[in-house]
Amino acid sequence: MRNRSVTENLKMATDGQKDSIRATVLQAVSTQLQTMTFDDAEQMIDNPKEVNGLVGKIFEPFVRTKSVLYWLDEMTRFYGEVFGLECDFPNIRVPISREGFDWLLIMDERISTQAAYEACQKQFNCWKYTDRSLDDAVPVNDRDQSKGTYAIWLRDTVEADEVHRNKSANDLKAANISGITLRERLILELWYFWKTQKHLDVQNWTLCSGSRYDDGDVPSVGWGSDGSRVDVIWFRPDGRDDSLRVREVVS
């Protein structure tokens, strides 16, 4: 599939449009300031990061979901706040999306599968079926950090793809469907939790068909059966179930 850079084929807002939006926002702010108390003002002054986040949420409904520049900024902030990394993605190649694939996930080459899991542990309860490092236990991945930083598109759904329910990893391979890797799924969980303070796959499991344990089994991730942690488990390559679904990837 043909790729594009982050600025290719994007018509940016004009200065006139920006001035009009700025005037609208300033008018709304002026209205709110007229009834603001001293304590309210002090709270806003003391919490610039929170204010900036709230302002960003105001703009989200008006920003095109598939705007590459929107996601570039989103992922830069995510890696900065969650991993403490400074990111610069000006030359990253982004695949052309397909209808319904509205989440862009940038995979920073500095974060391994095990590092992603350990970052999850710092944010919420986690469990993995093996005591080994996931970097060693899951050596086979369709896309990995050795290829550098890259981007993928995914469907914007809390549960893994309904259209792929009850399909085994073998079924998906035969149908030439590209599935998410374990590293990608863990980063996606971290991003979604950072964004919403909620979890993915609370009713089903993501089958990470883009990865394999060293014994050939397929990693799977979900908000565990007892509803208290994110679990990393496994299924056989021919295993299928209504609650087992892959997250298809556009790469």
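Assorted remarks:
- Whole-Å distance, taken between Cα centres, linking segment 203-251 and segment 154-180: 10 Å
- Relative packing of 102-114, 166-178, which averages over residues the other C-beta atoms within 10 Å, highest first: 102-114, 166-178
- Asp88 sits among other residues whose Cβ lies under 15 Å from its own Cβ, and their net charge, with Lys and Arg +1 and Asp and Glu -1, is -2.
- Taking Cα centre as origin and charging only the Cβ of basic (Lys, Arg, +1) and acidic (Asp, Glu, -1) residues, the dipole magnitude of segment 13-52 rounds to 240 debye.
- Rolling a 1.4 angstrom probe over segment 33-127 with all protein chains present gives an accessible area of which 52% lies on carbon and sulfur atoms.
- Within straight-line reach of Lys49, meaning a Cα separation under 16 Å, sit the following aspartates and glutamates at least 8 residues removed in sequence or on another chain: Asp40, Asp73, Glu74, Glu81.
- Among (i) 152; (ii) 134; (iii) 120, the entry that matches volume of the Cα convex hull per residue in Å³ as calculated here: (i)
- Neighbourhood charge, 11 Å Cβ-Cβ cut-off, centred on Lys128 and excluding it, Lys, Arg +1 and Asp, Glu -1: -1
- As a fraction of the 1.4 Å probe accessible area of segment 199-251, surface on carbon and sulfur atoms comes out at 41 percent.
- Counting only residues at least eight positions apart within a chain, or on another chain, the aspartates and glutamates with an alpha carbon under 17 Å from that of Lys128 are Glu118, Asp136, Glu184, Glu189, Asp201, Asp214, Asp215, Asp217, Asp226, Asp231.
- Assigned charges on the beta-carbon of Lys, Arg, Asp, Glu; segment 158-247 dipole about Cα centre (debye): 260 debye
- In the chain, helices alone account for a calculated mean residue ellipticity at 222 nm of -11000 deg cm²/dmol, with every DSSP H run of four or more residues adding -39,500 (n - 2.57).
- Among residues other than Asp142 with Cβ under 13 Å from its Cβ, the summed charge is +4 (Lys and Arg +1, Asp and Glu -1).
- FRET efficiency, Met44 to Ser20 (Cβ-Cβ, R0 30 Å, nearest 0.05): 0.75
- Counting only protein chain heavy atoms and rolling a 1.4 Å probe, the accessible areas of Cys87, Cys208 rank, largest first, as Cys87, Cys208.
- Accessible area per residue, Å², the chain with all protein chains present, probe 1.4 Å: 55 Å²
- Here Gln27 and Lys195 are evaluated by their C-beta separation; at R0 = 30 Å the FRET efficiency comes out at 0.55.
- Cross-link partners of Lys147 among lysines, defined as those whose alpha carbon lies under 19 angstrom from its own and excluding same-chain residues fewer than eight positions apart, are absent.
- Among 148-157, 23-32, 240-249, the order from most to least packed when residues are scored by Cβ within 10 Å on average: 240-249, 148-157, 23-32
- Antiparallel content of DSSP bridges confined to the chain, in %, to 5: 75 percent
The values are calculated or read from the model by the stated rules, or taken from the named source; none is laboratory data. Because the structure is a prediction, the values reported are computed rather than measured. Cβ sites come from the backbone with ideal geometry, for glycine too, and all protein chains shown count toward neighbours. What goes into the accessible areas is simple: the full protein's heavy atoms, side chains included, and nothing from ligands, DNA or RNA. Shrake-Rupley method; radii C 1.70, N 1.55, O 1.52, S 1.80 Å.
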